[in-house]
Amino acid sequence: MKKCLMVIAASLALSGVAMAAPVTNIEKGETNAGYIYWNPQVEYNSLDLGSANANGFFVETALSDKVIAGVETIKGKISGGTASMDARFTDVTLQYKLSDQIRLIAGNRNYDTGASVSGLGSDNQSINKFITGLSASTVLGEKMTGYASVLTNSIGTDWQVGVNRNLTDTVDFNVNYRYYDGDTATLKGIGAGLVCKF
């Protein structure tokens, strides 16, 4: 039972990753949709659990010159030996543009996690947490924008730095580095994705 509880706790830590969508510039009436992949190294109580695969999709739309609404869902999985964990979270957020480069972020995150240990059974948990954050971006060149963001809640804090490279007028390639710091878990690694503007 103790091992199963540890796996559930590690699964919650995995789900605590605030894998926020890349920071992109959209104007009133525009919408972004994208796919994000992340392969972080996972540590729980200083125990190396290896790497996880996380895949996500997001949509965000500019409701006005200052407000962006977004929805993101992402699923991650880690397994090895006799234990496995999976986590899905769904964020619903509002971003408020203080300027073209700086945004405040607030919303709700639903965590849906599960774990199983051979011979001990499995368990699932679903909770909601209020999230807050801040993002900043800057032009790095004619077709590149850099950004940094931080999201936090009572489970942990996620830092992200990244670059968006315009492939066309409506498609960006994103590469980023994310570091999640929780009470008992850390996740860190490089992610990548595609963002389409409508």
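Every number here is computed from the coordinates shown, using simple stated rules; none is lab data. Keep in mind the model is a prediction, meaning the values are calculated, not measured. Here Cβ is always computed from backbone atoms with ideal geometry, including for glycine, and neighbour counts include all displayed protein chains.
So the values come out like this:
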item: Residues with amide H under 5 Å from that of Thr132, placed H, sequence gap 5 or more; result: Thr152
item: Rounded Å value of the spacing that divides the Cα centres of segment 81-140 and segment 143-198; result: 13 Å
item: Residues Leu49, Leu151 arranged by fewest to most Cβ contacts within 10 Å; result: Leu49, Leu151
item: Local net charge near Thr90, Cβ-Cβ under 12 Å (Lys/Arg +1, Asp/Glu -1); result: +1
item: Entries of Lys75/Lys143; Lys75/Lys97; Lys75/Lys129; Lys75/Lys197; Lys143/Lys188; Lys77/Lys188 with Cα pairs more than 25 Å apart; result: Lys75/Lys143; Lys75/Lys97; Lys143/Lys188
item: Order of Trp38, Trp159 - criterion: other Cβ atoms within 10 Å of each residue's Cβ, fewest first; result: Trp159, Trp38
item: Exposed-loop-free span, longest in the chain, where GluC sites (Glu not before Pro) count as exposed if DSSP calls them loop and at most 16 other C-beta atoms lie within 10 Å; result: 31-141
item: Binned Cα-Cα distances of the chain, short to long, each 10 Å bin given as a whole percent; result: 10, 37, 33, 15, 5, 1
item: Within a Gaussian network of the chain (alpha carbon springs, distance under 10 Å), most fluctuating of Thr168, Thr152, Thr31; result: Thr168
item: The chain: angle of helix 2-15 to the longest principal axis, Cα-based, in degrees nearest 10; result: 0 degrees
item: For Ile26, Ile36, order by how many other beta-carbon atoms lie within 10 Å, fewest first; result: Ile26, Ile36
item: GNM result for the chain, Cα springs below 10 Å: residue of Val139, Val175, Val42 fluctuating most strongly; result: Val139
item: ³J(HN,Hα) computed for each position of segment 127-140 - Karplus, 6.51 cos²θ - 1.76 cosθ + 1.60, integer Hz, glycine/proline x; result: 9, 10, 9, 6, 10, 9, x, 8, 9, 9, 9, 8, 6, 9
